[in-house]
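**Student:** The structure that follows is given in the form of structure tokens.
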């Protein structure tokens, strides 16, 4: 018998169909991975099982738990529990973690305060936290620890089904692996079934036996993991599999001139050292990858290179000359940057045309407004958009399209160096692939050098000629891509690579 | 959308009154003292005293003037028989102690109160936005300086601050009131605009503007300001309400508009002595007008705030 | 903790100096020679001359400033220009009546508006919610003056339920006199407070941790009364505290009309009579009280929100 049987589930918000009659089953103690990109409806499906959809949703279809139709409000928390993506905001900031875990026990199992506290300490140990942390507040814990607390809350009443909605997406790569291992161990020990929701096809193999691929509210394909991953029948599934960054960049031939040289670059904020003496060089037409987890200082280093942050120490040389001695406008013309967040990097009140012509106007390129608009239109075409975009506003575009506009803006001045600060990290996998291709072709056409910053090892492997690994403000290892990925020398590098494997 | 209609209507009244199209002769004493409203008088049993009311003039204690009729006769003879026009015994919304038409006073008062409220709000929004932008964007000692001024101003409760300044400046009329309100009310807007600038200064679109070479001024006023304008607009509307209410209090205490003009506050100032005598129509008219205006502006503010909420975009 | 207190007090000094400078600038520079202001109000020319001398209007400004600073430090602002009563005396005797009205008002107002806000938040989006909100908006659009005048006229003068105005000598008597003023104060402060507290509550209801609490299977009531309220308590409590200094000064209209011999009434009278020493003293004292209250509210914030580290 299956733990959960969903038949013809339909969710509508007003006239918009978020989930269009899907059906799937989760066998007892089994794991189903629900995979999809943003907007596919996977989270909404999960929320509808536990009845947590917003008030304006209409739900149709049948959901059976252990063979019976259920009322979600009766089973949630106890028999079906849920773990969410963002542990920091999902925990109540003003109550201790012990209180929040104990609350579930007292509510559903009727335990007294003392009994609940004892049980809570046991649970903490089971999820890999120290018992003494029972009175800690969420903000005192790291992201990984917070997620362990969420998991403890979810398993406290021994649910038959655990729904995990992107439980590791907000965590660093090394932590991700630990959490996944924890969940797997708990599942085995407590004989739970699991619905695992993710956008990352790479995780599916490690976590589930069955997989269902969702797109735009429909299930495009489902079946045993090994089958679906090896021989997908649906075109969308195929495309998803193909979009994963694969392979390694072709090693570059010969040497080119060094454009940028950094020696001992450092940045400190009050008493916190974000970057501690970074040295590297960038040659024409080459890509230097910069890998690190959150808080490693890689974004700060990118900003230092672009001189958007003033360095506290070290020097930066541009074509052999001190970058600080160059007139600022001159420097900005040669060095540009594309940021991570497509929703924040374009001024929402500027039309696309205004955003693109601004740099041209400031640097006195083009003889007049009309000519500048022509140049802008050309840039748009170059990045794969049409000239009609000139008159539109950012909110009319998708995330991927906005990144294209951001790249067009960066190209406007014809820079020699382009810093890509997690430029594709916020995009769906299929869009990512398109943009990486765009970046590659632009690099070839304009012989630009890239500093490619990312936390995603697979992407960096496919894009970079040389790679630097950063941790706590320091560059712990650097070398050619082939060398680094094949024979990592620093223990941290090795940890990173094994976690992502 | 109803609130928008009312706001537009009130603004129309303000403009028409300022242009002299309506309520021009608000200070003319066209009615008898304390003439009751037309519709009210006809429903009371007091009809038989209407003629007597036409002749009687009440003083502050409700005592009729003993030589009233004789004075009226003398006046008539002095002014060559034309005499004071026959005074109306009732007026549309009633009359005040001197027989001035309450309806006209309310319309004129609308003009004055709205003008003061809106002008002062614009002044305060200008100051608050400018200071907030400079403090939030530049930080450092600029921020420290503005924060110092801010903390000085906010450590004194608003009404006390306004009254203290009014006490020193004395009774000087509309311009003074506007300046007082404008120069004391900027603190709320300052705090909000400063917080917005702190937030936006590190946003990627501003960094991107820096990367392409935009100057500080350009980033502050061409890039960030349009993204902050929704906050300012809502605050502007809120301050119109605040200043209308403050002007009423100031005028009531005699520190607002002078005697040569009328506002809702000066109308309310006449209320205490009127109420004792049971004459309620002036306070009712002023309160109704004020309630209508403030409610309309408040609902309008809420609608504007919801419409411009970036989270809903 | 003691370190924190001392440091904050020290940080408040520049602000206090700023207030002093501002008050000085306002009353000695802009206000200048008050003789002409007082001429109509104090018929005694020798007294006006004495005032001018004590103010030092013919002296250079730094001398005047020094006089003022001395006054603040010794808490002796001289005597009222109109009644010749010592300002410190005035304060001592007027504080009691003000508090007799303000403290009950603050307490009842907070309890009622919080209860109302919670009820409205529970039924958010419903007709009741919208009706209450519109009602609050309309209620806020009526000037406090109207509330005072009308309630005094109807409830006291016409119906005789309350004394029209006045003050007694015992606490019991005074609570009776304070009843209508407190009622008026309630009517004025309920509407804005309900709206504000409702917005705090709704802000919290939209947070992720509420979704988690529901996912844990907790009842809606528990989610609201425990999880949400505990978080909303932070801005609400600090808001209540911040209201204190404002109440002190804002009650002056109420005190004036109900003839309550409190500080607020003194301020109104002083403003009407251009009695600078009183206004100056009140401004300085209230500013100090505000700074103190800000400090206390920071400490309260820390007590309520574990994320806050006092530095």
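The values are calculated or read from the model by the stated rules, or taken from the named source; none is laboratory data. In this text, all values refer to a predicted model and were calculated from it rather than measured experimentally. Positions of Cβ are backbone-derived with ideal geometry, glycine not excepted, and every protein chain shown enters the neighbour counts.
**Student:** May I ask you to say which residue of A:376, A:370, A:389 is in a helix (DSSP H, G or I) and surrounded by fewer than 17 Cβ atoms within 10 Å (Cβ to Cβ)?
**Tutor:** Going through A:376, A:370, A:389 in turn, the sole match is A:370.
**Student:** Consider the range C:174-227. How many of its residues are out of contact with any strand residue (DSSP E or B) (no Cβ under 7 Å at 6 or more places or on another chain) and not in a helix (DSSP H, G or I)?
**Tutor:** 5
**Student:** When you scan the range B:184-196, do you find a residue that is in the same structural domain as residue B:260 (by TED's automatic domain parsing), under 26 Å from residue C:275 (Cα atoms) and modelled with pLDDT of 90 or more, even just one?
**Tutor:** yes
**Student:** Quick one: would you say residue C:93 is assigned to a helix (DSSP H, G or I) and crowded, with 17+ Cβ neighbours inside 10 Å?
**Tutor:** Answer is no for this residue.
**Student:** All but one of (1) part of a helix (DSSP H, G or I); (2) farther than 26 Å from residue B:305 by Cβ hold for residue B:156, so report the exception by its number.
**Tutor:** (1)
**Student:** Kindly indicate whether any position in the range B:102-109 is at pLDDT below 95 and on the phi > 0 side of the Ramachandran plot.
**Tutor:** No, the range B:102-109 contains no residue that is at pLDDT below 95 and on the phi > 0 side of the Ramachandran plot.
**Student:** In addition: Return the residue satisfying two criteria in turn: it lies in the range B:280-303 and is at pLDDT below 85 and away from chain C (no Cβ under 11 Å), and of such residues it is surrounded by the most Cβ atoms within 10 Å (Cβ to Cβ).
**Tutor:** Within the range B:280-303, the match that is surrounded by the most Cβ atoms within 10 Å (Cβ to Cβ) is B:281.
**Student:** Another question, if that's okay. Could you tell me whether the range A:401-415 includes any residue that is within 13 Å of chain B (Cβ to nearest Cβ) and free of Cβ contacts under 8 Å to residues at least 40 places away in the same chain?
**Tutor:** Within the range A:401-415, none of the residues are within 13 Å of chain B (Cβ to nearest Cβ) and free of Cβ contacts under 8 Å to residues at least 40 places away in the same chain.
**Student:** Could you grab me the full set of residues in the range B:163-178 that are in contact (Cβ under 8 Å) with a residue 24 or more places away in the chain, in a helix (DSSP H, G or I), more than 10 Å from chain C (Cβ to nearest Cβ) and surrounded by fewer than 24 Cβ atoms within 10 Å (Cβ to Cβ)?
**Tutor:** Passing the criteria: B:174, B:178.
**Student:** Exactly one condition in (1) under 25 Å from residue C:285 (Cα atoms); (2) more than 11 Å from chain C (Cβ to nearest Cβ) is not met by residue B:148; state its number.
**Tutor:** All conditions are met except number (2).
**Student:** Considering each of C:157, C:153, C:147 in turn, give the residue that is over 20 Å from the mean Cα position of the chain (by Cα) and surrounded by 19 or more Cβ atoms within 10 Å (Cβ to Cβ).
**Tutor:** Going through C:157, C:153, C:147 in turn, just one is over 20 Å from the mean Cα position of the chain (by Cα) and surrounded by 19 or more Cβ atoms within 10 Å (Cβ to Cβ): C:153.
**Student:** Filter the range C:229-267 down to the residues that are facing chain B (nearest Cβ under 8 Å) and at pLDDT below 85, then identify the one that is farthest from residue C:151 (Cα to Cα).
**Tutor:** So the residue we want is C:245.
**Student:** Filtering the range A:330-348 down to residues that are farther than 14 Å from residue A:410 by Cα and either away from every other protein chain (no Cβ under 14 Å) or free of Cβ contacts under 8 Å to residues at least 40 places away in the same chain (or both), which residue is nearest to the chain's Cα centre (by Cα)?
**Tutor:** This residue is A:344.
**Student:** In addition: Condition first: under 30 Å from residue A:18 (Cβ atoms), touching a residue at least 60 places away in the same chain (Cβ under 8 Å) and either assigned by TED's automatic domain parsing to the domain that holds residue A:36 or assigned to a loop (DSSP other than H, G, I, E, B) (or both). Can you find one or more residues in the range A:276-297 that meet it?
**Tutor:** Checked the range A:276-297: no residue is under 30 Å from residue A:18 (Cβ atoms), touching a residue at least 60 places away in the same chain (Cβ under 8 Å) and either assigned by TED's automatic domain parsing to the domain that holds residue A:36 or assigned to a loop (DSSP other than H, G, I, E, B) (or both).
**Student:** Now for a different question. Restricted to the range C:142-154, and to residues that are within 19 Å of residue C:191 (Cβ to Cβ) and either in contact with a strand residue (DSSP E or B) (Cβ under 7 Å, 6 or more places away or on another chain) or in a helix (DSSP H, G or I) (or both), which residue is farthest from the other protein chains (Cβ to nearest Cβ)?
**Tutor:** C:151
**Student:** Would you mind stating whether residue A:161 is in contact (Cβ under 8 Å) with a residue 60 or more places away in the chain and more than 15 Å from residue C:213 (Cβ to Cβ)?
**Tutor:** Criteria met by residue A:161.
**Student:** Please find, within the range B:254-277, the residue that is surrounded by the fewest Cβ atoms within 10 Å (Cβ to Cβ) out of those that are within 10 Å of another protein chain (Cβ to nearest Cβ) and in a loop (DSSP other than H, G, I, E, B).
**Tutor:** Filtering first and then ranking leaves B:254.
**Student:** Does the range B:241-253 contain any residue that is outside any helix (DSSP H, G or I), touching a residue at least 24 places away in the same chain (Cβ under 8 Å) and facing another protein chain (nearest Cβ under 10 Å)?
**Tutor:** no
**Student:** Also, I was wondering about something else. From the list C:285, C:301, exactly one residue is under 14 Å from the mean Cα position of the chain (by Cα), more than 9 Å from every other protein chain (Cβ to nearest Cβ) and in a helix (DSSP H, G or I). Which is it?
**Tutor:** After applying the criteria, what remains is C:285.
**Student:** Right, next: Which pairs do you get when a residue that is closer than 14 Å to residue A:5 by Cα, found in the range A:63-81, comes within reach of a residue that is exposed (fewer than 15 other Cβ atoms within 10 Å of the Cβ) and modelled with pLDDT under 85, reach meaning Cβ atoms under 7 angstrom, with the pair 6+ apart or on two chains?
**Tutor:** Going by the 7 Å Cβ cut-off, the qualifying pairs are A:67/A:1.
**Student:** So, restricting to helices (runs of 4 or more DSSP H) that lie completely within the range B:1-93, which ones have at least 2 residues that are under 28 Å from residue B:277 (Cα atoms) and at pLDDT below 75?
**Tutor:** B:38-41, B:50-55, B:68-78
**Student:** Would you point out which residue out of C:279, C:234 is over 12 Å from the mean Cα position of the chain (by Cα), in a helix (DSSP H, G or I) and under 23 Å from residue C:92 (Cα atoms)?
**Tutor:** Only one candidate qualifies: C:279.
**Student:** Quick one: residue A:81 ticks every box in (1) in contact with a strand residue (DSSP E or B) (Cβ under 7 Å, 6 or more places away or on another chain); (2) surrounded by fewer than 23 Cβ atoms within 10 Å (Cβ to Cβ) except a single one, so which number is it?
**Tutor:** Only one criterion in (1) in contact with a strand residue (DSSP E or B) (Cβ under 7 Å, 6 or more places away or on another chain); (2) surrounded by fewer than 23 Cβ atoms within 10 Å (Cβ to Cβ) is unmet by residue A:81, namely (2).
**Student:** Please go through the range A:298-315 and pick out each residue that is out of contact with any helix residue (DSSP H, G or I) (no Cβ under 7 Å at 6 or more places or on another chain), in a loop (DSSP other than H, G, I, E, B) and within 14 Å of chain B (Cβ to nearest Cβ).
**Tutor:** Passing the criteria: only A:310.
**Student:** When residues of the range C:281-292 are filtered for being over 21 Å from residue C:27 (Cα atoms) and surrounded by fewer than 19 Cβ atoms within 10 Å (Cβ to Cβ), how many remain?
**Tutor:** Summing the residues that are over 21 Å from residue C:27 (Cα atoms) and surrounded by fewer than 19 Cβ atoms within 10 Å (Cβ to Cβ) in the range C:281-292 gives 1.
**Student:** Looking at (1) surrounded by fewer than 24 Cβ atoms within 10 Å (Cβ to Cβ); (2) under 23 Å from the mean Cα position of the chain (by Cα); (3) within 24 Å of residue C:17 (Cα to Cα), can you tell me which one residue B:150 breaks?
**Tutor:** Condition (2) is where residue B:150 drops out.
**Student:** Still on this model: When the range B:203-218 is examined, which residues are found to be within 10 Å of chain A (Cβ to nearest Cβ) and either part of a helix (DSSP H, G or I) or surrounded by fewer than 17 Cβ atoms within 10 Å (Cβ to Cβ) (or both)?
**Tutor:** Once the filter is applied, which keeps residues that are within 10 Å of chain A (Cβ to nearest Cβ) and either part of a helix (DSSP H, G or I) or surrounded by fewer than 17 Cβ atoms within 10 Å (Cβ to Cβ) (or both), the range B:203-218 yields B:204, B:205, B:206, B:207, B:208, B:209, B:210, B:211, B:215, B:218.
**Student:** With C:160, C:135, C:166 as the choices, which residue is more than 9 Å from chain B (Cβ to nearest Cβ) and assigned to a helix (DSSP H, G or I)?
**Tutor:** Only one candidate passes the filter, namely C:135.
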